[in-house]
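The values are calculated or read from the model by the stated rules, or taken from the named source; none is laboratory data. In this text the structure is predicted, and so the values were computed from the model without any measurement. Positions of Cβ are backbone-derived with ideal geometry, glycine not excepted, and every protein chain shown enters the neighbour counts.
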Amino acid sequence: MVVETCYVDIPTDAAPMRTFVAAPRAEDKFPGIWCYSDIFQLTGPMLRVCVRLAGYGFVAAAPEIYHRIEPAGSSIAFDDAGRTRGMEDAQKTPVADFDRSCRAGLDWLSKHSKIATGKIGAMGFCIGGHLAFRTALQPDVRATVCFYGTGIHNGKLGKDADAKSLGRAGEIRGELLMIFGENDPHVPSEGRDIVERGLRAANVNHRIKLYPAEHAFMRDEGPRFDPECTDLAFADMIQLFRKVFA
């Protein structure tokens, strides 16, 4: 499916939220997916994921998660200085600010001219996996995919030492897919077990999928990229979204 892309500035209670939007060119209605990046914001790998997702028949919208801190259009480099900058930006952002931006984004997405009524989902990578998990708490989100979401097992997110995201899992009404690399030091097996127990206790409709890979294995720049695991995990996401939004 041929796609078209653009950037939009979504109004929020603070600075406008620059958002990359990829959508099928066809004149039709499609499910909308709110897409969260890792700490580096809208880099090449994230933009390519959104375009690919749109090619499968979805409207993919990816915000700059640090729009309250960074100038619009800021893409953070994949190097030590960039990693430090991205982590510091996260540590300056209260979870309440992430949540307000999320709600503004979902409200905008639901009114998009190409979005089918009532068909809203979410996905995200790393810190974005945790933000996607919190997006799943919103009542209008029907399906969510979290790729190696950090901090869900121990509550760490942004400026908050404990965002209590897992403790609120009972609020999730849609279907949830959690994807992890088996060799991810940021979410070790003990952390994955905590997530699994929390989701079961909350009776969330969920599935956890493991791949023989490291953290950030889907980022197609850098030494941890695993093409085969990436393709399989991407297919898992498409399968869930198509099932839920059929």
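Within the range 76-99, residues that are without any contact (Cβ under 8 Å) to a residue 60 or more places away in the chain and within 27 Å of residue 13 (Cα to Cα) sit with their Cβ atoms under 8 Å from residues that are polar (S, T, N, Q) and crowded, with 16+ Cβ neighbours inside 10 Å, at 6+ positions apart or across chains, in these pairs: 76/41; 76/43; 86/41. For the range 29-47, the condition holds for at least one residue, the condition being that it is modelled with pLDDT of 95 or more, of a type in the set (Phe, Trp, Tyr), out of contact with any strand residue (DSSP E or B) (no Cβ under 6 Å at 6 or more places or on another chain) and buried (at least 22 other Cβ atoms within 10 Å of the Cβ). Of the residues making up the range 155-165, those that are at pLDDT 95 or above and either part of a loop (DSSP other than H, G, I, E, B) or surrounded by 23 or more Cβ atoms within 10 Å (Cβ to Cβ) (or both) are 155, 156, 157, 158, 159, 162, 163, 164, 165. Within the range 176-196, the residues that satisfy the criterion of being among the charged types (D, E, K, R) and in contact with a helix residue (DSSP H, G or I) (Cβ under 9 Å, 6 or more places away or on another chain) are 182, 184. Report, by residue number, each residue of the range 48-80 that is surrounded by 18 or more Cβ atoms within 10 Å (Cβ to Cβ) and among the β-branched types (Val, Ile, Thr). Passing the criteria: 49, 59, 65, 76.
Yes/no matrix, rows are residues, columns are (1) acidic (Asp, Glu); (2) under 30 Å from residue 115 (Cβ atoms); (3) under 17 Å from the mean Cα position of the chain (by Cα):
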residue: 192; (1), (2), (3): no, no, no
residue: 196; (1), (2), (3): yes, no, no
residue: 199; (1), (2), (3): no, yes, no
residue: 203; (1), (2), (3): no, yes, no
residue: 214; (1), (2), (3): yes, no, no
residue: 226; (1), (2), (3): yes, no, no
residue: 230; (1), (2), (3): no, yes, yes
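Of the residues making up the range 188-246, just one is surrounded by 15 or more Cβ atoms within 10 Å (Cβ to Cβ), more than 25 Å from residue 77 (Cβ to Cβ) and either among the acidic types (Asp, Glu) or at pLDDT below 95 (or both), namely 236. Residues that are over 22 Å from residue 133 (Cα atoms), touching an Asp or Glu at 6+ places or on another chain (Cβ under 9 Å) and assigned to a loop (DSSP other than H, G, I, E, B) occur in the range 20-34; there is at least one. Scanning the range 3-28 for residues that are out of contact with any strand residue (DSSP E or B) (no Cβ under 8 Å at 6 or more places or on another chain) and free of Cβ contacts under 8 Å to residues at least 60 places away in the same chain gives 15, 26, 27.
Within the range 3-25, take every residue that is of a type in the set (Gly, Ala, Ser) and more than 20 Å from the chain's Cα centre (by Cα) and give me the one that is farthest from residue 41 (Cα to Cα). My answer is 14.
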